[in-house]
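Novice: The structure follows.
The values are calculated or read from the model by the stated rules, or taken from the named source; none is laboratory data. Please read these numbers as outputs of a predicted model, since none were measured by experiment. Counting neighbours? That spans all protein chains shown, and the Cβs are built from the backbone with ideal geometry, glycine included.
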Amino acid sequence: MASSKSLPPSQESIEAGGGLINRRWLMKSGLAIGTFGLTAGAARAEQIGVPEWSSTPGKGMSGYGQPSPFESDVSRPALKLFTDGIADESGVSFTPLEKLAGTMTPNGLFFERHHSGIPEIDPAKHKFAIHGLVKRRLVFSVENLLRYPMVTRTCFIECAGNSLFNSLAEPQQRSAGEIHGLIGNAEWTGVPLALLLEEAGVDVEAKWLHVEGADAAKMSRSVPLKQALAGDAIIALYQNGERLRPEQGYPMRLVLPGWQGNMCVKWLRRIKLVTKPLHTKDETSKYTLLQKDGKARQFTFEMGVKSVITAPSPGVTPSGKGLYQVSGLAWSGGGRITRVEISADGGTSWADAHINPGSGPQALARFRLPWLWDGSPRTLMSRATDETGSVQPTREAWYRPFAAGQLFHQNAIQAWAVAANGEVRNVYA
Ligand SMILES: Nc1nc2c(c(=O)[nH]1)N[C@H]1C(S)=C(S)[C@@H](COP(=O)(O)O)O[C@H]1N2
Ligand SMILES: [Mo]
């Protein structure tokens, strides 16, 4: 297994094969880290000096802050799905997962999925209606809604088509964000849907919601009423403390924690209470799961348990043997993440990663584990478990029920192969 020469001598330091080491041991062993020359890149005798920027006063204030110009490569890679002149604005952009740390997605980097571009909505003119099988048809302006009692809740939104590149026969050499970045995590503030439905007075026959957006695509989905209410549905007006960005549905969107991103209708225009699902174009032609028998599963709402290592990952490469931190994100539509295991030997042995405390249900969790890389080729994998006991499947197990090319709800374990030169490649394991 691990080469004993490059590892610290103590057995208690070793968590699993391939150089995964115990975090507590590492914290206690500052001395050992120095002794083993693991303090990556720190030159001992260098003077820190007085740089240019410490000698003159800096710039003044700004109305809306921007990232450092040195971070200008941190942006959302975009993929246009059509170039037919009709649906040019229909596409996706990805959260650059490998360029971020922690768990929250900055608003300007939150992935985008538009079926017909971003409408420019004047909040003074926007109207939102609740109608259909209700006692009172209600029409809200943004100003009306802002006066209702609000709640704040952190959760992810993940596109059901996330990880779509991994449904191709050959592993694509793309960044972690381009492969798995159709997900973002934010603190949403808005009015509980339950409150507005109570005011409208729902008729007993009403079992489903028909939810529609104000974009030209009129994207709409059928949402089962009872489960939506049980799952803390919110009409969100704020994201990470500020008003929603136009890309995320300004001035209001539906947020259904843990469910397909597609159901979180942006630029929310109306919710109609109905007896049955409406089988809209967005839930029949798409977001259905093609099985081996040729039939497609419709209405898979909840997103599965999933994780991805963001460091190391393609483009985030170790530079020579030594100490690194394996780190990544885990999430589940089913609840809290309770366990993340990491393998550095292609799935032969696994070690429990440390999960950053404080992440709630249906929210991104950050995991970490020290890794002492001996410089030989290694295959890194992560496997998440949620509070319901669901375990992230292998690629083979995930594909079993599905027809080739089925891409929605892909939550298989991701393997990254680290070569001796540090290059990281996407591999199917
Ligand atoms: N009105 C409307 N709502 C929409 C969409 C859309 O194109 N129009 N895209 C959906 C899809 S497929 C996803 S995955 C999420 C993406 O949310 P985001 O762009 O804020 O990341 O919004 C959903 N809500
Ligand atoms: Mo989506």
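Novice: Residue 132 fails exactly one of the following numbered conditions: (1) on the phi < 0 side of the Ramachandran plot; (2) of a type outside the set (Ser, Thr, Tyr); (3) away from ligand 1 (no atom under 16 Å from the Cβ). What is the number of that condition?
Specialist: Going through the list (1) on the phi < 0 side of the Ramachandran plot; (2) of a type outside the set (Ser, Thr, Tyr); (3) away from ligand 1 (no atom under 16 Å from the Cβ), residue 132 breaks only (1).
Novice: Oh, and also: Of all the residues that make up segment 58-107, how many are outside any loop (DSSP other than H, G, I, E, B) and within 24 Å of residue 330 (Cβ to Cβ)?
Specialist: Final tally of qualifying residues: 6.
Novice: Looking only at segment 229-267, which residues are out of contact with any Cys (no Cβ under 9 Å at 6 or more places or on another chain), among the hydrophobic types (A, V, I, L, M, F, W, C) and either more than 25 Å from residue 203 (Cβ to Cβ) or within 8 Å of ligand 1 (Cβ to nearest atom) (or both)?
Specialist: Residues satisfying the conditions are 237, 244, 263, 264, 265, 267.
Novice: Kindly indicate whether any position in segment 167-188 is of a type in the set (A, V, I, L, M), surrounded by fewer than 18 Cβ atoms within 10 Å (Cβ to Cβ) and closer than 20 Å to residue 263 by Cβ.
Specialist: no
Novice: Scan 154, 95 and give me the residue that is in contact with a Phe, Trp or Tyr (Cβ under 7 Å, 6 or more places away or on another chain) and either within 16 Å of ligand 1 (Cβ to nearest atom) or modelled with pLDDT under 95 (or both).
Specialist: Result of the check over 154, 95: 95.
Novice: Take residue 421 and decide whether it is buried (at least 16 other Cβ atoms within 10 Å of the Cβ) and either outside any strand (DSSP E or B) or modelled with pLDDT of 95 or more (or both).
Specialist: no
Novice: Condition check: surrounded by fewer than 16 Cβ atoms within 10 Å (Cβ to Cβ), within 16 Å of ligand 1 (Cβ to nearest atom) and within 19 Å of residue 268 (Cβ to Cβ). Does residue 120 satisfy that?
Specialist: So residue 120 passes the test.
Novice: Okay, moving on. Can you name the number of the only condition in (1) within 30 Å of residue 285 (Cα to Cα); (2) free of Cβ contacts under 8 Å to residues at least 40 places away in the same chain that residue 112 fails?
Specialist: The single condition residue 112 does not satisfy is (2).
Novice: Within segment 275-282, identify whether any single residue is farther than 30 Å from residue 400 by Cα, of a type in the set (Val, Ile, Thr), assigned to a strand (DSSP E or B) and touching a residue at least 60 places away in the same chain (Cβ under 8 Å), and answer yes or no.
Specialist: Looking for residues that are farther than 30 Å from residue 400 by Cα, of a type in the set (Val, Ile, Thr), assigned to a strand (DSSP E or B) and touching a residue at least 60 places away in the same chain (Cβ under 8 Å), one finds none in segment 275-282, hence no.
Novice: Next up: Tell me which residues, restricted to segment 324-338, are in a strand (DSSP E or B) and surrounded by 19 or more Cβ atoms within 10 Å (Cβ to Cβ).
Specialist: 324, 326, 327, 328, 329, 330, 331, 337
Novice: While we're looking at this one, here's another question. When segment 268-320 is examined, which residues are found to be more than 15 Å from ligand 1 (Cβ to nearest atom), modelled with pLDDT under 95, surrounded by 13 or more Cβ atoms within 10 Å (Cβ to Cβ) and of a type outside the set (A, V, I, L, M, F, W, C)?
Specialist: Within segment 268-320, 291, 297, 298 qualify.
Novice: For residues in segment 347-362 being in contact with a Lys or Arg (Cβ under 8 Å, 6 or more places away or on another chain) and of a type outside the set (S, T, N, Q), which is surrounded by the fewest Cβ atoms within 10 Å (Cβ to Cβ)?
Specialist: The extreme case among them is 360.
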